[in-house]
Amino acid sequence: MRWLLMLLAFFMYAASAEDVSTYPSRPLRMVVPFAPGGGTDVLARIFGQKLGAMWPNAVVVDNRPGASATIGTDIVARSKPDGLTMLLIADTHAINVSLYKKLPYDPVKDFSPVILLATAPHIVVVHPSVPANSLKELIDHVKSKPGVLNYSSSGPAGTSYVLTEILRAATGMNLVHVPYKGAGPAMTALIAGEAQVTIAPAVTTLAHWRNQRARPLAVLSPQRSALLPGIPTMVESGYPGIVYESWYGVLAPAGTPREIVAKVNADIQKAMALPDVKAQLEAQGLQAAGGSPAEFEAFMRAEVDKWAKAIKAAGVPPADI
């Protein structure tokens, strides 16, 4: 009886699996676990449009923000592994496992890695009203008004939250945390003056810097950004231990057929090579990545380990979902 049930399950799965030659047979749902306006949303729409043009059906971007990306991520973890639902993640994916007391999914085991899409620097940014033109001046200003200035983050366990807490631990700044549902809303809050400080990815920062609605003070990448050549790194600012780059990637539910994963990986890399996609990424301060699914899995595992050590060293407390 058991082998009959197993055989029946196999044929049911085979009948429902996507045919690579006609993939996708229906619109692909790309879940973005953040609000519109952040790096994940921008990338989903850039690559979604290009993939939709290559494929017989479109890519539909589905924003599902909340709980530092865990709501949208859990939706995909529980989705049918037929290749028609995927997830566009950021580095928060590797952070949450060390910040939340318990996640409803495993960030590695419950997903099939597809591709590392892009990397970008994080930037310490202040509202124009803040009288600081360098990180040192910001630190001095905050210390003169402890507990007065707010900092916005992409969520109570998001990348910007962790990075700011690491910065606070290193500098002794006393800032008040105000969480939002993504990097886009966190930057909007800073522009509106609800917050005075944030650490944000370049993709949500550059347009506001160009319009003089936000002032960058330091980049967290190993080298200066080509788009912000006059802004020093954290190393140059005296904090060599705070060097991080944000990253973005695509995951599918665990068990998604390898042939589907390989096709999506190959087609995304074709899109990466298009001149207009390269120009769009560069304009947003993003650097195209690429590579195989296996390379992305190894990268994610290393990121989980890296963030676990950084969070423990900074003494960032765990949170409840």
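A few notes on this one:
- Every residue from region 189-213 that is buried (at least 24 other Cβ atoms within 10 Å of the Cβ) and either more than 24 Å from residue 148 (Cβ to Cβ) or touching a helix residue (DSSP H, G or I) at 6+ places or on another chain (Cβ under 6 Å) (or both): 195, 198, 199, 200, 201, 202, 203, 204
- Within region 125-152, considering residues that are part of a strand (DSSP E or B) and in contact with an Asp or Glu (Cβ under 9 Å, 6 or more places away or on another chain), the one nearest to residue 100 (Cα to Cα): 152
- The residue of region 216-252 that is farthest from the chain's Cα centre (by Cα), among those that are within 30 Å of residue 112 (Cα to Cα) and not in a loop (DSSP other than H, G, I, E, B), is 252.
- Among the conditions (1) of a type outside the set (Val, Ile, Thr); (2) buried (at least 18 other Cβ atoms within 10 Å of the Cβ); (3) modelled with pLDDT of 90 or more; (4) in contact with a helix residue (DSSP H, G or I) (Cβ under 7 Å, 6 or more places away or on another chain), residue 141 misses just one, which is (4).
- Here region 105-120 is the region considered, the condition is being out of contact with any Asp or Glu (no Cβ under 8 Å at 6 or more places or on another chain) and in a loop (DSSP other than H, G, I, E, B), and the residue that is nearest to residue 92 (Cα to Cα) is 107.
- Residue check, residue 176 within 18 Å of the chain's Cα centre (by Cα) and β-branched (Val, Ile, Thr): no
- Residues that are in a loop (DSSP other than H, G, I, E, B) and within 24 Å of residue 208 (Cα to Cα) were ranked within region 158-183; the one that is modelled with the highest pLDDT is 175.
- For region 229-253, the set of residues classified as within 14 Å of residue 296 (Cβ to Cβ) and among the aliphatic types (A, V, I, L, M) consists of 250, 251, 252, listed by residue number.
The values are calculated or read from the model by the stated rules, or taken from the named source; none is laboratory data. Keep in mind the model is a prediction, meaning the values are calculated, not measured. FYI the Cβ positions are ideal-geometry reconstructions off the backbone, even for glycines, and counts take in every protein chain you see.
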